[in-house]
Amino acid sequence: MSERRKGIGRRQVIAGFFALLGLLLIFNYAPQALAGDTVVTRIALAVPQPVIAFPSAWSLTIIGFVMLIAGSLGLTNRVQRWADVSLWTSAVLLFPAILIWAAAGKQTNATVMLSESLRLGTPLALGALAGIWAERSGVINIAIEGMMLMGAAFGFAIFILTGQLWWGVIGAVIVGGIIALLHGLLSISFRTDQIISGTVVNILAIGITGYLRRQYIVTEGGGRVTLPSLSAIIANAGFPDLARSLEAIPIAGTLLFGGKPIFFAMLLLVVLTQVVLFMTRWGLRTRAVGENPKAADTVGIAVNRMRYINLFISGCIAGLGGAWFSLETVGNFDDGMTAGKGFIALAAMIFGKWMPFGAFGGAMLFGFAEALGTRFQILQVQVFGGPVPVQFLQVIPYVVTMIVLAGLIGRAVGPAAVGKPYEK
């Protein structure tokens with residue numbers, strides 16, 4: 001019985017999923033392809049050209065065969081290397097398969113959707129990085145949602161007060177750090193259960209931001225002003241021709257130069273976090289207090305001080321993620337506008353196994369899921385003879401979160417001492 005259980009693992013579950021999906025695609029689209037179905041999906045890679053036309057039925061049939069073969073290989077205990085390669089190939093093909101199916105008989109822009117995925121994944125990546133900084137030092141930070149919400153509210157309030165967006169961003173970062181210190185006071189100094197401490201911060205953030213909105217933001221207003229894009233910054237600096245030239249670059253012009261400052265800050269922070277945590281003495285000490293604080297204390301590392309500093313950095317990054325909502329995207333503040341993104345960011349962190357680049361990949365996956373829901377609405381996707389209800393499209397990111405945490409990432413083990421207060 002134990003050997004039988006050992007033979008059924010996560011890879012076999014994923015392989016079974018792709019095998020069933022492959023069969024579904026083949027049975028549904030192979031007859032249409034053989035019958036000469038002329039429905040075409042047009043996917044644009046840039047504006048306005050080039051546009052690639054995919055025969056919908058044939059494309060989905062071929063992808064179905066690839067998935068069926070990959071699933072069959074994955075269900076066996078042989079040729080594991082080829083099975084893994086084929087399963088990864090199927091995972092990559094899943095995204096164009098969804099686009100080809102959704103846009104059958106229509107045209108969609110893959111570059112714009114990729115740009116939207118990066119944009120919508122920005123606060124998730126920032127929240128995941130915030131989680132990494134805290135948990136690598138041994139502090140569970142489920143208060144990321146509250147820190148982001150506080151950053152969004154106070155950042156916008158400071159913008160109203162000063163009239164300067166950049167002061168709002170700086171204020172959001174500082175407020176996020178202060179809230180993180182409150183979480184640290186409860187969980188590090190008073191040794192409160194870190195889950196309870198984070199929950200308290202989240203509840204406190206809902207109350208404070210709601211009060212701030214009613215008493216100040218609503219009465220003072222502030223308009224729908226947001227941070228400018230990189231191309232707009234270049235144009236305002238006196239180089240409008242350069243800005244137009246950069247925007248005209250195929251693919252990169254849409255993906256990069258249409259981005260805004262917090263988006264670029266996120267990309268920089270991913271690289272910076274990787275470098276600091278894994279290539280510097282500070283990073284080594286941070287990981288030491290997260291794995292074995294007693295041993296770190298023995299060699300002279302101030303464990304709780306390291307945790308406080310890293311938690312403050314975590315809060316600052318989360319506050320920057322909050323500023324993305326109110327100052328870079330919406331240009332206003334609404335109650336609960338973070339909409340659970342802090343918790344999805346924690347899922348992205350776990351998906352990435354507490355590694356910056358892995359967490360970035362997880363955040364972009366969830367960003368793609370959200371962008372996909374929006375694209376379905378634009379394309380007016382039909383299922384069972386009618387349009388997909390908007391409410392179902394809005395829950396796609398949360399469904400993806402559950403699927404990823406339930407079965408796709410496998411066993412994820414955080415730092416050994418995470419969640420354990422240290423008393424010298």
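If LEU34 satisfies every condition in (1) of a type in the set (A, V, I, L, M, F, W, C); (2) in contact (Cβ under 8 Å) with a residue 24 or more places away in the chain; (3) over 13 Å from TRP101 (Cα atoms) but one, which is the exception?
(2)
Give me the pairs: first residue in the stretch 55-66 and closer than 17 Å to ALA91 by Cβ, second residue of a type outside the set (A, V, I, L, M), beta-carbon distance under 6 Å, and six or more apart or on different chains, which are they?
LEU60/TYR29; GLY64/GLY22
Test each condition in (1) assigned to a helix (DSSP H, G or I); (2) closer than 22 Å to LEU181 by Cβ; (3) in contact with a helix residue (DSSP H, G or I) (Cβ under 9 Å, 6 or more places away or on another chain) for ARG305 and report the one that comes out false.
Looking at each condition in turn, ARG305 falls short on (3).
So, in the stretch 289-314, of the ones that are over 17 Å from VAL418 (Cβ atoms) and among the small types (Gly, Ala, Ser), which residue ends up surrounded by the most Cβ atoms within 10 Å (Cβ to Cβ)?
ALA302
Would you be able to say whether some residue in the stretch 86-99 is within 30 Å of ALA295 (Cβ to Cβ), surrounded by 24 or more Cβ atoms within 10 Å (Cβ to Cβ) and touching a helix residue (DSSP H, G or I) at 6+ places or on another chain (Cβ under 6 Å)?
No, every residue in the stretch 86-99 fails to be within 30 Å of ALA295 (Cβ to Cβ), surrounded by 24 or more Cβ atoms within 10 Å (Cβ to Cβ) and touching a helix residue (DSSP H, G or I) at 6+ places or on another chain (Cβ under 6 Å).
Of the residues that make up the stretch 330-345, is at least one assigned to a loop (DSSP other than H, G, I, E, B), touching a helix residue (DSSP H, G or I) at 6+ places or on another chain (Cβ under 6 Å), farther than 24 Å from VAL390 by Cα and touching a residue at least 60 places away in the same chain (Cβ under 8 Å)?
Among the residues of the stretch 330-345, not one is assigned to a loop (DSSP other than H, G, I, E, B), touching a helix residue (DSSP H, G or I) at 6+ places or on another chain (Cβ under 6 Å), farther than 24 Å from VAL390 by Cα and touching a residue at least 60 places away in the same chain (Cβ under 8 Å), which makes the answer no.
Residue check, ALA243 against (1) in a helix (DSSP H, G or I); (2) surrounded by fewer than 19 Cβ atoms within 10 Å (Cβ to Cβ), all met but one. Which one?
For ALA243, the failing item is (2).
Condition test on ILE262, is it β-branched (Val, Ile, Thr) and surrounded by fewer than 17 Cβ atoms within 10 Å (Cβ to Cβ)?
no
Counting only residues that are part of a helix (DSSP H, G or I) and touching a residue at least 60 places away in the same chain (Cβ under 8 Å), how many does the stretch 254-264 have?
5
Tell me, which residue of the stretch 315-344 that is under 20 Å from the mean Cα position of the chain (by Cα) and aromatic (Phe, Trp, Tyr) is surrounded by the fewest Cβ atoms within 10 Å (Cβ to Cβ)?
Checking each candidate, the answer is PHE343.
Could you identify the single residue in THR38, THR61 that is farther than 25 Å from GLY361 by Cβ and assigned to a loop (DSSP other than H, G, I, E, B)?
Only one candidate qualifies: THR38.
Among the residues of the stretch 350-368, count how many are under 9 Å from the mean Cα position of the chain (by Cα) and within 17 Å of LEU277 (Cα to Cα).
Total meeting the criteria: 2.
On the given criteria, is GLY322 under 27 Å from PRO397 (Cα atoms) and either of a type in the set (D, E, K, R) or touching a residue at least 12 places away in the same chain (Cβ under 8 Å) (or both)?
Criteria met by GLY322.
Go through (1) within 22 Å of the chain's Cα centre (by Cα); (2) over 30 Å from GLY168 (Cβ atoms) one by one and return the number of the condition GLU291 breaks.
Going through the list (1) within 22 Å of the chain's Cα centre (by Cα); (2) over 30 Å from GLY168 (Cβ atoms), GLU291 breaks only (1).
Coordinate-derived values only; no laboratory data. Note that the coordinates shown come from a computational prediction; the quantities given were computed from them, not determined experimentally. Cβ sites come from the backbone with ideal geometry, for glycine too, and all protein chains shown count toward neighbours.
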